Amino acid sequence: MGVIKSGEANSRYNGTMIIFGEKGNEMTLGRVDRRYCPTCEKERDFYISLIYRYGHVFWIPLFSYSTKYFYHCSVCGYGTELKGRDLNPYLTSNPKPWMHRFGWVVLIGIIVILIAIFS
Ligand SMILES: [Zn+2]
């Protein structure tokens with residue numbers, strides 16, 4: 001039994017190929033402000049972006065982790081990470097795609113159905 005893991009890797013287990021890996025996703029949630037950017041030395045639009053990673057098996061996203069929100073300049077990317085209470089004015093619901101959070105529920109459902117069919 002050997003497991004090789006990289007960004008997009010395969011592992012062999014009892015002759016069955018299980019393909020798993022992880023990917024990153026970045027979402028721009030929208031413009032929130034216009035202010036002076038010290039890097040651009042100009043007035044710039046500032047956006048909130050969400051960056052996270054998610055694990056997947058057979059290209060089915062299962063769960064997400066290391067979620068970070070950034071408040072940043074739209075041109076140079078200068079900005080800060082937003083945490084906890086700082087986010088409240090900007091977030092009304094979880095912006096991640098449903099499958100990136102609850103894909104594992106779908107996968108368990110598929111496994112249960114397959115077991116029911118083949119047993
Ligand atoms: Zn800038």
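Here's the yes/no breakdown for (1) loosely packed, with under 13 Cβ neighbours inside 10 Å; (2) farther than 14 Å from Arg101 by Cα; (3) within 20 Å of the chain's Cα centre (by Cα):
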{"residue": "Glu26", "(1), (2), (3)": "yes, yes, yes"}
{"residue": "Cys37", "(1), (2), (3)": "no, yes, no"}
{"residue": "Glu41", "(1), (2), (3)": "yes, yes, no"}
{"residue": "Asp45", "(1), (2), (3)": "no, yes, no"}
{"residue": "Ile51", "(1), (2), (3)": "no, no, yes"}
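Which of the residues that make up region 74-88 are of a type in the set (Val, Ile, Thr) and out of contact with any Lys or Arg (no Cβ under 9 Å at 6 or more places or on another chain)? Within region 74-88, just Thr80 meets the criteria. Scanning region 35-52 for residues that are out of contact with any Cys (no Cβ under 7 Å at 6 or more places or on another chain) and more than 30 Å from Leu107 (Cα to Cα) yields Arg35, Tyr36, Pro38, Glu41, Lys42, Glu43, Asp45, Tyr47, Ile48.
To keep it simple, each residue is scored yes or no on (1) under 18 Å from the mean Cα position of the chain (by Cα); (2) outside any loop (DSSP other than H, G, I, E, B); (3) over 19 Å from Thr28 (Cβ atoms); (4) among the hydrophobic types (A, V, I, L, M, F, W, C).
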| site | (1), (2), (3), (4) |
| --- | --- |
| His56 | yes, yes, yes, no |
| Leu62 | yes, yes, yes, yes |
| Thr67 | yes, yes, no, no |
| Cys76 | no, no, no, yes |
| Arg85 | no, yes, yes, no |
| Pro89 | no, no, no, no |
| Ser93 | yes, no, no, no |
| Val106 | yes, yes, yes, yes |
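If you go through region 59-68 and keep only what is of a type in the set (Phe, Trp, Tyr) and without any contact (Cβ under 8 Å) to a residue 40 or more places away in the chain, you end up with just Tyr65.
Among the residues making up region 53-75, those that are surrounded by 14 or more Cβ atoms within 10 Å (Cβ to Cβ) and either within 16 Å of the ligand (Cβ to nearest atom) or more than 20 Å from Trp104 (Cβ to Cβ) (or both) are Tyr69, Phe70, Tyr71, His72, Cys73, Ser74. Residues in region 76-109 that are among the polar types (S, T, N, Q) and either surrounded by 13 or more Cβ atoms within 10 Å (Cβ to Cβ) or closer than 19 Å to Arg53 by Cβ (or both): Asn94 alone. Residue under question is Asp45, and the condition is that it be within 11 Å of the ligand (Cβ to nearest atom) and of a type in the set (D, E, K, R); does it hold? Yes; evaluated as a whole, the condition is true for this residue.
No value in this document is a laboratory result; all are computed from the given coordinates. Note that the structure is predicted; figures quoted are calculated from it, not measured. FYI the Cβ positions are ideal-geometry reconstructions off the backbone, even for glycines, and counts take in every protein chain you see.
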